[in-house]
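What follows is a set of notes on a single structure, which appears directly below.
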Amino acid sequence: MLNINHYVNGQHTQTSQRTQTIYDPATGEARGQVSLASQDEVASAITAAKTAFQTWSQVTPLNRARVLFKFKALVEQHVDKLAELITLEHGKVLDDAKGEITRGLEVVEFACGIPHLLKGEHTQQVGGGVDAWSVNQALGVVAGIAPFNFPVMVPMWMFPIAIACGNTFIMKPSEKDPSSVMFMAELLKQAGLPDGVFNVVNGDKEAVDALLTHPDIKAVSFVGSTPIAEYIYTTASAHGKRVQALGGAKNHMLLMPDADLDQAVNALMGAAYGSAGERCMAISVVLAVGDIGDKLVDKLLPQISALKVGSGITPEMDMGPLISAQHLAKVRDYVEVGINEGAKLVVDGRDISISDHQQGYFLGACLFDHVTPQMSIYQQEIFGPVLAIVRVDTYAEALALINQHEFGNGTAIFTQNGQAARHFCHHVEVGMVGVNVPIPVPMAFHSFGGWKRSLFGPLHMHGPDGVRFYTKRKAITARWPQAKADSNEPSAFIMPTMK
Ligand code: NAD
């Protein structure tokens with residue numbers, strides 16, 4: 001059985017007083033225990049990170065990047081082990097786990113360019129004999145709090161850029177699948193990262209609250225559900241910290257009558273049911289415009305019945321289990337609610353049975369048709385393999401629905417009409433938009449983030465916003481007076497202006 005504690009100052013720590021069981025969602029069996037950090041345990045990790053900041057912030061950006069280059073090579077060398085850790089605790093299929101690692105590594109690659117990314121601006125001769133420039137300096141100790149659904153990629157949205165900028169880091173992974181972050185901590189040490197620069201505290205609300213209120217934490221990056229994101233944002237902001245808090249989603253695909261339906265359906269299958277729908281960029285609603293709804297259902301049905309559902313470790317599965325027994329029960333309840341609300345359950349995945357994995361948290365793909373915007377299965381994030389089709393008459397009606405929704409993480413339009421696509425990109429109130437691309441997750445050198453109640457705080461994650469988030473800017477104005485000539489200058493009592 002696993003015994004996962006914390007990782008502080010380059011060492012694994014003792015077990016905490018409180019622990020929680022980690023499960024393998026494919027079997028329903030306990031894999032071990034994870035420690036839940038107390039306030040004091042969090043404080044000692046922060047002390048280690050604060051001490052390490054003194055030296056790490058003075059290491060040259062080039063040498064900080066070199067550690068990340070080595071870390072990238074080590075992750076690639078151990079990709080199979082890392083993917084297996086993800087699958088054993090999260091449940092997603094192994095290839096999907098490897099895909100998540102690749103997307104995370106792209107942020108490491110971006111952070112390897114930190115010598116270039118940290119460059120400031122310089123203006124010579126802003127006034128007579130006066131030069132001005134700006135520099136971007138590290139903040140200090142910063143914290144990251146991650147959700148269960150991307151145990152490697154989401155932490156990698158945060159720590160590579162934070163430490164490349166010269167900060168030291170406290171990671172608080174999801175208590176449901178903490179092993180992959182603990183393994184990455186060891187790989188960072190092997191890559192030559194000094195002790196105390198990257199620390200892991202495992203835990204629940206107690207550990208999170210300790211991070212949000214500690215005076216030595218300068219910034220908090222959070223990804224998770226909207227109610228917690230809002231709590232993180234308000235609490236950490238009230239304690240004077242910089243915050244970026246990414247929340248939940250309800251991503252719509254707007255399917256125009258002129259779309260290439262085969263292409264759209266192939267894209268939709270992966271976007272709706274990949275990772276059992278437990279992705280913040282999953283498509284959970286299709287707005288079928290005009291008369292395309294019936295054709296859509298006809299094309300989806302054979303693909304849904306061909307889906308291979310089983311343990312993520314078994315090769316060639318399309319979809320693994322949900323994360324926990326509680327979450328499975330919650331998603332099943334939503335299916336019941338949808339039926340009671342009057343939606344038509346076209347495919348019911350609830351009676352699925354996986355031989356050899358009877359205790360796993362499996363749910364087959366579910367498809368609802370004739371969902372209306374008044375229904376809670378339309379309004380709320382379900383975070384499971386449940387796709388809703390809403391039939392609308394016009395493009396304008398579809399656009400209005402997306403814009404009225406409380407979430408604004410991702411969306412996609414499928415069409416062959418460039419004018420409609422262009423109008424959509426311009427007018428849709430959503431942070432990440434795809435045109436014939438179902439999951440428009442920006443590459444690492446752009447920034448990731450939603451709008452409305454999908455993100456609290458001004459800056460998105462990774463890319464240029466990541467560097468801005470983890471640095472503070474200093475503007476310097478300098479002159480070197482010529483000793484004799486300028487020494488008789490009178491004092492000035494008016495607002496200084498450049499001559
Ligand atoms: P969650 O909000 O339950 O947990 C996220 C983190 O917050 C965990 O580390 C957890 O320990 C901590 N936490 C939970 N309850 C807390 C509390 N009361 N006080 C303080 N901390 C608390 O989310 P989850 O179930 O792990 O992840 C799924 C959610 O994350 C979904 O809503 C999904 O849309 C969202 N998500 C969003 C994005 C994005 O980029 N917007 C990406 C991935 C996941």
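Side notes on the structure shown:
- Here L62 fulfils each of the conditions (1) assigned to a helix (DSSP H, G or I); (2) closer than 22 Å to E175 by Cα apart from (2).
- Residue within the stretch 453-465 that is surrounded by fewer than 18 Cβ atoms within 10 Å (Cβ to Cβ) and assigned by TED's automatic domain parsing to the domain that holds V130 present: yes
- Residue that is within 16 Å of the ligand (Cβ to nearest atom), of a type outside the set (S, T, N, Q), assigned to a strand (DSSP E or B) and surrounded by 20 or more Cβ atoms within 10 Å (Cβ to Cβ), where the choices are G434, G384: G434
- Extreme residue, surrounded by the fewest Cβ atoms within 10 Å (Cβ to Cβ), among residues of the stretch 358-381 that are within 25 Å of T314 (Cβ to Cβ) and in contact with a Gly (Cβ under 7 Å, 6 or more places away or on another chain): Q359
- Within the stretch 314-340, the residues that satisfy the criterion of being buried (at least 17 other Cβ atoms within 10 Å of the Cβ) and farther than 23 Å from E29 by Cα are Y334, V335, G338.
- Taking the listed residues V331, V337, the one that is modelled with pLDDT of 95 or more, within 16 Å of the ligand (Cβ to nearest atom) and not in a loop (DSSP other than H, G, I, E, B) is V331, with no other qualifying.
- Count of the stretch 174-215 residues, restricted to those that are among the basic types (K, R) and in contact (Cβ under 8 Å) with a residue 12 or more places away in the chain, is 2.
- Test result for G144, more than 16 Å from the ligand (Cβ to nearest atom) and either among the basic types (K, R) or in contact with a helix residue (DSSP H, G or I) (Cβ under 9 Å, 6 or more places away or on another chain) (or both): no
- Failed item, numbered, when G466 is tested on (1) touching a strand residue (DSSP E or B) at 6+ places or on another chain (Cβ under 7 Å); (2) under 27 Å from P160 (Cβ atoms); (3) within 16 Å of the ligand (Cβ to nearest atom): (1)
- All told, I476 falls short of being outside any loop (DSSP other than H, G, I, E, B), more than 16 Å from the chain's Cα centre (by Cα) and within 27 Å of A343 (Cα to Cα).
- Screening G203, G247 for residues that are touching a helix residue (DSSP H, G or I) at 6+ places or on another chain (Cβ under 9 Å) and at positive phi leaves exactly one candidate, G203.
- In the stretch 359-374, the count of residues that are touching an Asp or Glu at 6+ places or on another chain (Cβ under 7 Å) and either within 25 Å of D298 (Cβ to Cβ) or among the hydroxyl-bearing types (S, T, Y) (or both) is one or more.
- Boolean, A421 is over 16 Å from G247 (Cα atoms) and assigned to a strand (DSSP E or B): no
- Some residue of the stretch 472-480 being of a type outside the set (G, A, S), within 16 Å of the ligand (Cβ to nearest atom) and surrounded by 10 or more Cβ atoms within 10 Å (Cβ to Cβ): no
- Against the criterion of being buried (at least 24 other Cβ atoms within 10 Å of the Cβ), within 16 Å of the chain's Cα centre (by Cα) and either modelled with pLDDT of 95 or more or within 15 Å of the ligand (Cβ to nearest atom) (or both), M171 qualifies.
- Only one entry in G196, G192 is more than 7 Å from the ligand (Cβ to nearest atom), surrounded by 17 or more Cβ atoms within 10 Å (Cβ to Cβ), at positive phi and modelled with pLDDT of 95 or more, namely G196.
- Just one of the numbered conditions (1) out of contact with any strand residue (DSSP E or B) (no Cβ under 8 Å at 6 or more places or on another chain); (2) in contact (Cβ under 8 Å) with a residue 40 or more places away in the chain; (3) part of a helix (DSSP H, G or I); (4) more than 20 Å from P173 (Cβ to Cβ) is not true of A43: (4).
Residues are listed down the side, and each one gets a yes or a no for (1) assigned to a loop (DSSP other than H, G, I, E, B); (2) within 12 Å of the ligand (Cβ to nearest atom); (3) free of Cβ contacts under 8 Å to residues at least 12 places away in the same chain; (4) more than 14 Å from the chain's Cα centre (by Cα):
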{"site": "H426", "(1), (2), (3), (4)": "no, no, yes, yes"}
{"site": "P438", "(1), (2), (3), (4)": "yes, no, no, yes"}
{"site": "P442", "(1), (2), (3), (4)": "yes, yes, no, no"}
{"site": "H446", "(1), (2), (3), (4)": "yes, no, no, no"}
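A quick yes/no check of all residues on (1) surrounded by 23 or more Cβ atoms within 10 Å (Cβ to Cβ); (2) touching a His at 6+ places or on another chain (Cβ under 9 Å):
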{"site": "T51", "(1), (2)": "no, no"}
{"site": "A65", "(1), (2)": "no, no"}
{"site": "F69", "(1), (2)": "no, no"}
{"site": "V79", "(1), (2)": "no, no"}
{"site": "T87", "(1), (2)": "yes, no"}
{"site": "L105", "(1), (2)": "no, no"}
{"site": "F110", "(1), (2)": "yes, yes"}
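- Considering the stretch 84-190, the qualifying helices (runs of 4 or more DSSP H), each wholly inside and each with 3 or more residues that are charged (D, E, K, R) and in the same structural domain as H462 (by TED's automatic domain parsing), run over 94-111.
The values are calculated or read from the model by the stated rules, or taken from the named source; none is laboratory data. Remember, it's a predicted structure, so these values are computed and weren't measured experimentally. Neighbour counts are summed over all protein chains in view; Cβ atoms, including those assigned to glycine, are modelled from backbone coordinates with ideal geometry.
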